[in-house]
Structure formats: structure tokens, C-alpha cells
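Encoded as C-alpha cells, the structure appears first; notes follow it.
The values are calculated or read from the model by the stated rules, or taken from the named source; none is laboratory data. Just so it is clear, the structure is predicted and the values come from calculations on it, not from any experiment. We place every Cβ from the backbone using ideal geometry, glycine too, and count neighbours over all the protein chains shown. Keep in mind that these areas ignore ligands, DNA and RNA; they rest on the heavy atoms of the full protein, side chains included. Shrake-Rupley method; radii C 1.70, N 1.55, O 1.52, S 1.80 Å.
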Amino acid sequence: MTRHTRILMSVIYSAFVVYLFVPLALMVMMGFKDSKFIGFPIRGWTTEWYAGVFQDSEVLGVFAYSMTIAVSSTLLSLVIGVWVATFLGPNKFRGKLIVFALTCLPAVIPGIISAISLRIFARFLSIEPGMFAIILGHTVHNVPFVALVVMARLATLPKSHIEAAQDLGADKMVAFFRITLPYLLPALIGAGIFCMLLSFDDFVRAFFLGGYQPTLPVLIFAMLRTGMSPEINAISTVVLILTAVLGLWAERSMRRMNKGA
Amino acid sequence: MTDQRDVIVHLDKITKRFGSTVAVDKLDMEIMAGEFVTFLGPSGCGKSTTLRMLGGFETPNEGRITLGGADVTRLPPNRRDVNMVFQDYALFPHMTVGKNVAFGLELKGKTRSEIDRRTEELLEFLQLGGFRDRTPDQLSGGQRQRVALARALAPDPKLLLLDEPLGALDAKLRAQVQVELKDIQKRTGKTFFFVTHDQDEALTMSDRIVVMNAGRVEQDGTPEELYFRPQSRFVAEFIGETNLLEGTVRGSDGDAIVIDWNGIEVRGSAHGAKPATGDAVMAALRLENVNCYSTRPQAGNAIEGRIVNKLFKGSRTALDIRVGERDDAVIKAYLDAREADSLPPEQLWIDWDADRLSVLRD
């Protein structure tokens, strides 16, 4: 790389970083603005919007609702994903590729299409729109990610470890719970956090499958329609910090896993 | 097998096929209690498949395996009194050394105090006393190998399988571990079934070596028998270095068989077999069994020759001695370097004890 292209590259990269972070910085800033309207000029600062968020029982209730959905769908996705991975990983059978493709499909289908079809399907099964329907919708979407991450980890588990466990008296179940599952743990942590973030962040599925009770993204959307208020910025900032911390921690644990922890 | 000890394992004409390949072909043998038996052979000879059938990881297509008198042919690994030391040790990475060793004991339903006592005892026995709370990644290769051994010995199996467990160690450590392993086998009195492709390992440790080739047993005997009295060309060439002499039987001279080799009369032994006069035979002679003289010895049937090649190898010197007119009438010999230098290269004499030239079965 010549000196000129190196300078050019760093300029482009800096521009990208600015483009990425300036909106976020603005959003965070507006949350501290002592005025009901979003925008410049800023004449005074306050933390009352944040205080408001933490005292607003509606916002707190919606946050808890979203968390419940995220945790439930994540746990469900982990169980199903591990099951799919342990079935697809080591077994060889005709049509394995097709089963694998079908497993991955929900991850790439556009959210809106998946959401509408799930809504129709839920009605067909007489499942009321609401928490349960959203959890199912998120699980369908998350299973492929879990399965893929777990399969990658499973492929590095030496066959001899399972054989050694069996040799020492373990049947298939004991070998799975005492050897395979602990070996998968870093992958499960990483995949689990990724699922939580996907679920917590989801708007389309929650909108179509939800009942009267909104999830956090749906609530923010509803608040936007009644007018921008710095309270939205405050909520968003809290969510931003939470998800960034979780996401970075997940990324770190995945990286450690790949190093073969 | 004139051994008075009990038969612990009986492989009753077992055959294992993978698709159209026959990995093990009607293998029939008994293993005695307390024996250190080594299956030796090149990769793909069927030795590992035999080991895996004993462990329960493969089921023979034909034949029966009995362990301590009971038929275990179709029993899964977790229900046999057999434990294994894996080639890569297969230590559980998320468990401490102590937990690894205790794993088999827990699954046998032992009480906590029994498990602790036995684990402690084995770690002490294998000089791993201070390593109980370490994880496998904090250990050296040799230590890991000992943990794998402790873990396999813990449930007190009737038979211990060892699948090339020294392959991952460096040469110096390997030599030391060979001695240790033999010592551990003697002290525990356990039956060891060892699989390797390394002849040094086999010769150093075994009470008995079974050489396998293409799914069949080539020869079954003590290390000395295999080394000095190979029965087939495969065994002669696989173990150590050897002179192979092709000739025709002329007759016999007492116990010795007289063979015409390139027009030279040589004496060998068929170890009980009686090849007929006129038979084409092949005979094997170890390089270190060749005696060299600078003057013609008074007694015996020494052959005259000359040195055509000399190679210094440190602890010994390899000589190529041409003894006839034909180019391939060459005998190789190992000598001490000083002795090799003292020989007149243009004219010397060689001979050997007749029972060191082994007439091969095929």
C-alpha cells in the first residue's frame, strides 16, 4: 500500500466512524436537554428525562415485558438449536443438506414476510396475539443462529472425548450432559446473548404478533407518533448502553471460544 | 501358549469389514491375565480395529469376544469391564485432574469417600500428587499421559487398552515413559493390550508381540522370538534390520539346514520345520549376528568376502560385505567402529551361528 492510499483509507474510515457515531451522540445529548423539543439550540441541561424514565411505570412495565420475551425466546431457541445441531452435526443421512437449508431459512426470510405468515399461522392455531405468539415468532427466527454457532463448536469436539466418557461408563445421555454440554458452554453464552439482542431489538414481529401490550420498540414507535420528546432519547440511551455492553461481552466470549477455551 | 495363567480375553475368529475392505480377518487368539501384549503393525493392518472391538466401539461382523468367560461381543463400551487410554488422551478439558480420574468411579456408583480415596491413591501412584486441582491444559504431555492412565485404571478394569499412547511424546520422553509403563503394568498386575506401529516400543515393553498385516496375524511370540526367529519376510523386514537370503535347500547337517545361496553354502535353522531338499527358501539374518574375522577361523564354515561399503552410525558401523561374484551377494553387518576399522577391507571372513539364520515360513 502506498502512502497516499493509506491516507485515503484512513480518511474514509474516519468519515465512516463520524457517520456512525454522530447520530448516536446527538441522541444521547438530546436526552439531557432541558426543553420539551428535540433540536438545536440547547439552552440548558437536565437529567429529569432520565429520572422520568425510571419513574414511569408504563415504560418500566414494557421494559420488563420485553425482557421476559427476550429471555424466554432465548432459552427456547437454545434448547431447540442445540437439539437441531446435535442431530444435524454428526449424523450423515440423505437430504441432510436440505434439512440444513430449511433450518437456516428463517434467519434469511425478510422479517415482514415472516411476521405476516406467523400472524396468519397463529390465528390458524387459535393462538391469541400477545406474549406467547411473540416468543414463538422470535424463537423461529433465532434457532438458526443458535444451531449454526453450536454446530461450529460441536465440530471441534474430539470424538474421543465422547468415547472416553462411554468407556468410563457413561451412556449417551450422561455423556451429553457431562461432556458435550459443558464443552458447548462458551458457544451457548455467545449465541444466547445474540438471541437476546435480536429479540429485544425486534420491531416487525413484535408489532404483528403482539396484542395490546407493546414491547419496547413498539412503545418507542407509538411515542414517536404522538410527538418527539427527549424522554424517547433517554429510553433509547439506556437501551443503547445495555445492548452495547451485552453485545461486546458476547463478542468477547465468542472470540475466546474460537481460541479453544 | 504353555502359560498356566487364566485366559482373560478370547477372540474367537473375529472378522470386521468396512464396506468391501476386510480390516480384521478371522482373528483367533487368547490373551492371558496379567500379560502385556502388543499388537504391532503398519497403519491399516487391523490392530486399532481389534482394539476398538475390545473396547466396544466396533462390533465384529463375525466371531465372538469373551472377557473373563462372559460374551461381550455386542456389549456397548459403558457396560464392559474394559478401559482405554486414547491416542490423544481425551482428557475432559473442563474438569480438573481429580475430576477426570473420578469420572469412571462416579459412574460406577461408588461413595464419595471411596472415590476420593481411590483418586488420591492413583494420583499418588502415578506421581501426580500435587496436580489434583489443575486442569489438563496446565499439564505437560507426559503428565497428561499419566492422568489418562490413572483415569483408565481407576474403575479397576479387567483389561486396559492402550491406543498408541506414546505417539504424541517427544523421543526422549517416550523412552522414559516406556520404562514407566512397563513398571506400572508389573506393579498393578493388569492385563495391558497395547497397540503401536513402533517396533522399539513393542520390543521394550511387551511380554508378547502380535505382528499384524492386512488383517491377519503374521507372527505371535515373545520379543526375542520375533526379533531373532522371524517366521515371515514381513516380520523380518518390519522389525529391525535384516539380511534376506534367497536360496535352495541342499540338505541338512545335524540340526542345521544347508542352503545354496548364490553358489555359496550357508547354514541356517528352520526352528522345527523341515523344508525338503530342492525347496526354494528365504532366510533372515540380523546384521549384528554376523561375525567378522581378519584371518580365516580354524573351525566352522567361514565365507570369504570384501568390504564394498562402510557407514559410520555412531554406536556402530554398518558394513556391506560382498561374498560372491554376483552384485547382490552382499551381507550387511553391524560392528563396533574400532573393530570395523581393524578389518582388512580387501579380504576378510564372516560367519554366524546356524540358529541365527532363520529360514522363513513363506
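Values computed for the structure shown
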quantity	calculated
Residue-averaged [θ]222 nm for chain A, counting only DSSP H segments that reach four residues, each worth -39500 (n - 2.57)	-25500 deg cm²/dmol
Net length gained if the chain between B:SER113 and B:LYS182 were fully extended (0.36 nm per residue, minus Cα distance)	21.8 nm
Accessible area, probe 1.4 Å, largest first, for residues B:ASP163, B:ASP341, B:ASP253	B:ASP341, B:ASP253, B:ASP163
Charge sum, other residues only, whose C-beta stays under 9 Å from A:GLY169's C-beta, Lys/Arg counted +1 and Asp/Glu -1	-1
Length-normalised contact order for the stretch B:18-159 - Cα pairs under 8 Å, 6+ apart - percent	24 percent
Pairwise label distance in nanometres, B:ASP200 with B:LYS26, each label 7 Å out on the Cα-Cβ vector	3.8 nm
Proximal lysines relative to B:LYS310, as straight alpha-carbon distance under 21 Å, when same-chain residues fewer than 8 apart are discounted	B:LYS332
The stretch A:55-258: relative contact order as a whole-number percent, Cα under 8 Å and 6+ apart	32 percent
Rounded percent of accessible protein surface that carbon and sulfur make up, the stretch A:55-258, 1.4 Å probe	73 percent
Carbon plus sulfur fraction of accessible area for the stretch B:9-67, probe 1.4 Å, in percent	45 percent
Three-way shape label, the stretch B:25-184, alpha-carbon gyration tensor, a/c 1.5	oblate
Shape of the stretch A:1-133, Cα gyration tensor, a/c cut at 1.5	oblate
Cross-link partners of B:LYS182 among aspartates and glutamates (Cα-Cα below 17 Å; sequence separation of 8 or more within a chain)	B:GLU35, B:ASP163, B:GLU164, B:ASP198, B:ASP200, B:GLU201, B:ASP207, B:GLU224
Chain A: DSSP helices with Cα axial extent of at least 27 Å and average Kyte-Doolittle hydropathy no lower than 1.0	A:3-30, A:57-88, A:131-155, A:181-201
Total accessible area lost when A and B pair, probe 1.4 Å, Å² to nearest 100	1700 Å²
Inter-chain Cβ neighbour average for residues B:153-163, partner chain, 10 Å	1
Helix axis angle, B:171-188 relative to chain B longest principal axis, alpha carbon, degrees	70 degrees
Chain B - percent relative contact order, Cα under 8 Å, separation 6 or more	15 percent
Radius of gyration and maximum dimension Dmax of the stretch B:246-346, Cα, Å	14.7, 42
Solvent-accessible area of A:ARG178 with every protein chain in place, 1.4 Å probe, in Å² to the nearest 10	70 Å²
Candidate residues B:HIS10, A:HIS161: accessible-area rank, largest first, probe 1.4 Å	B:HIS10, A:HIS161
DSSP bridge pairs, the stretch B:7-233: antiparallel proportion in percent, nearest 5	55 percent
Qualifying lysines (Cα of each under 23 Å from Cα of A:LYS96; at least 8 residues distant if same chain)	A:LYS159, A:LYS172
